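Below is one structure, written out as structure tokens; comments come after it.
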Amino acid sequence: MQQQWLTFARSLASQAGDIIRQARANDGFDREFKSGHELVTSTDLAVDKFLVDEISKTYPSHVIFSEESSPATLLDPESDQVVWVIDPIDGTVNFAQGLEHVAVSIGVYQGGQRRVGVVEAPFLHKQYWAAKGQGAFCNDQPLAAASGKALRNAVIATGFPYVRDNLDELLGYVREILTHCQDIRRNGSAALDLCGVAEGVLDGYYESVKPWDMAAGALIATEAGAVVGAFGKQRAEWPLELNGDHLLVVSADLYQSILEILQKCKK
Ligand code: IPD
Ligand code: CA
Ligand code: CA
């Protein structure tokens, strides 16, 4: 089944990427703000609808957990249900600004495990993908997280939430990372940050994000040899494998050092 889900998810992600490229080429989208400040475009909604329609036609019994149409989906921890976790556009601000770090993220989760992950980057012409136990790839190239790097030379990505009521805490993390590592990147797509760690072009990534931001990328990162964990508390409402609270994804050699640096800021 996993192989079928992967093939289907890869095809859907590539079609969703076409919709996104076309919308930008035709300047064919409207902008709105959810909850007053969080940007959403008509393309986010169109891609969400496309993915949900296609998945529910092909797999009517599967659960869909999608940022735009079903963000409050509650998952039954006892059930063996197959769950499709979707971010139709990860990097909406980048999309609206004409920047290139934009992705479609599709993860498949079942029985306490991330089974499939596909992250399509339509403007970078890259598709990252992984299936549990089968390695991670970008287009047709196998991915491997960085190794043998010194902490001092590490480049760490992060992101900032729409609501910044804990600005001091966020800046504290940035300060510590800049003190110990080479530099920070804020690329604007959590899914692509996770793929960057898988590809070895980033040494680590931390941020608190939602399940749809990380479901696919976390599998791609672990299949490429990176370590996925958390540097702080996680809310109980999501299973561990879909929980993006205090998400920390780092190449295996540097995981413990970055974890300690971030945990120090929490004291
Ligand atoms: C956002 C991006 C961004 C991250 C934010 C996310 P969206 O997703 O992944 O990089 O910093 O936390 O909300 O809103 O563009 O789907
Ligand atoms: Ca997102
Ligand atoms: Ca989104």
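No lab work stands behind these numbers, since they all come straight from the coordinates. Since we're looking at a predicted model, the values are computed, not measured. Note: ideal-geometry Cβ built from the backbone for every residue, glycine included; neighbour counts use all protein chains shown.
Tabulated results
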{"read-out": "Cα gyration tensor shape for the range 2-142, rounded if a/c is under 1.5, else prolate or oblate", "value": "oblate"}
{"read-out": "Unsatisfied cross-links (Cα-Cα over 26 Å) in the set Lys49/Lys126; Lys149/Lys233; Lys126/Lys210; Lys49/Lys210; Lys126/Lys233", "value": "Lys149/Lys233; Lys126/Lys233"}
{"read-out": "Per-peptide average of other Cβ atoms within 10 Å, ordering 220-230, 244-254, 29-39 highest first", "value": "220-230, 244-254, 29-39"}
{"read-out": "Protection proxy ranking, peptides 135-142, 258-265, average beta carbon neighbours within 10 Å, highest first", "value": "258-265, 135-142"}
{"read-out": "Computed helical MRE - 222 nm, the chain, DSSP H runs ≥ 4 contributing -39500 (n - 2.57), nearest 500", "value": "-11500 deg cm²/dmol"}
{"read-out": "Gaussian network model of the chain, Cα within-10 Å springs - most flexible of Trp238, Trp84, Trp212", "value": "Trp238"}
{"read-out": "Global form of the range 151-265, assessed from the alpha-carbon gyration tensor, a/c cut-off 1.5", "value": "rounded"}
{"read-out": "Relative contact order of the range 151-265, pairs being alpha-carbon contacts under 8 Å that are 6 or more residues apart, as %", "value": "28"}
{"read-out": "Highest-first arrangement of 162-174, 93-105, where packing means the average Cβ count within 10 Å", "value": "93-105, 162-174"}
{"read-out": "Rounded if a/c under 1.5, otherwise prolate or oblate - the range 202-267, Cα gyration tensor axes", "value": "oblate"}
{"read-out": "Candidates Leu151, Leu51, Leu192: whichever shows maximal mean-square fluctuation once the chain is modelled as a Gaussian network with Cα springs under 10 Å", "value": "Leu151"}
{"read-out": "Computed P(r) (all Cα pairs; the chain; 10 Å bins; percent)", "value": "7, 32, 37, 20, 3, 0"}
